[in-house]
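The values are calculated or read from the model by the stated rules, or taken from the named source; none is laboratory data. What you see is a predicted model; the values in this text were computed from it and never measured. Backbone-built Cβ (ideal geometry, glycine too); neighbour counts: all protein chains shown.
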């Protein structure tokens, strides 16, 4: 397996300094051989860009992707409790232009990295990151695809008129997720269809919010619980999907985190 290279990348949006993290094979152009790798713009969950997200970036990078983990909160801020999460997510939902500007700045910073193929970029995220991926597509993001894993679909706005009609979208969601109940996912489905986007919606029975997070049971958050089997299913489908939409080698599956 190829050795990985990892480095922090500072960038800015609307006066806020962010510190993203690039993870890729050391054999890719920044460390030097061959063409740029298909890119993943990875958006963290509500807790921010910390060790768990960087470990996930490395997991994707080992499969042959250049991964840019965005720092949406800025300055590597991490949430520590429900109050922090509410404040941070509320600041984005309350100013969607700023939210999208932060994602666009991360995308621009990612595209400037020599390992990262800007023409084969997929935005991927879980929880808040999944909401972010859908919002970025909804507002016309220049990505080939998006993956939302137990995204908070209640955060996604309903006007899809700016969507480009070119991105393919994968949603992996728990049927018992209170943040992705039918009243939340039906408008998303209608918006995707109305925008002419190709989409797949994988709905897992007996599964709640944050089901891929092994720490979910300790959060004490109603409606959130880990589900290892469906986490493995979502990971396997995501890897195959990434291979399909980027043209990269597909079918490499490892155990869910």
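How about the stretch 153-195: which of its residues are touching a residue at least 60 places away in the same chain (Cβ under 8 Å) and surrounded by 24 or more Cβ atoms within 10 Å (Cβ to Cβ)? Correct list: 170, 172. Scanning the stretch 64-93 for residues that are part of a loop (DSSP other than H, G, I, E, B), closer than 18 Å to residue 41 by Cα and in contact with a helix residue (DSSP H, G or I) (Cβ under 8 Å, 6 or more places away or on another chain) gives 65, 70, 71, 72, 73, 74.
Residue-level check: of (1) assigned to a helix (DSSP H, G or I); (2) in contact (Cβ under 8 Å) with a residue 60 or more places away in the chain; (3) closer than 23 Å to residue 235 by Cα, residue 131 misses just (2).
So is residue 141 in a loop (DSSP other than H, G, I, E, B) and touching a helix residue (DSSP H, G or I) at 6+ places or on another chain (Cβ under 9 Å) or not?
Working: in a loop (DSSP other than H, G, I, E, B): yes; touching a helix residue (DSSP H, G or I) at 6+ places or on another chain (Cβ under 9 Å): yes.
Against the criterion (in a loop (DSSP other than H, G, I, E, B) and touching a helix residue (DSSP H, G or I) at 6+ places or on another chain (Cβ under 9 Å)), residue 141 qualifies.
In the set (1) within 26 Å of residue 236 (Cβ to Cβ); (2) surrounded by fewer than 24 Cβ atoms within 10 Å (Cβ to Cβ), the condition left unmet by residue 136 is number (2).
Taking the stretch 216-249 on its own, how many of its residues are in a helix (DSSP H, G or I) and modelled with pLDDT of 95 or more? Total satisfying the criteria: 19.
Annotation: of all residues in the stretch 94-128 being without any contact (Cβ under 8 Å) to a residue 60 or more places away in the chain and assigned to a helix (DSSP H, G or I), the one that is surrounded by the most Cβ atoms within 10 Å (Cβ to Cβ) is 99.
Residue 47 meets all of the listed conditions (1) within 19 Å of the chain's Cα centre (by Cα); (2) free of Cβ contacts under 8 Å to residues at least 40 places away in the same chain; (3) under 22 Å from residue 138 (Cα atoms) but one, namely (3).
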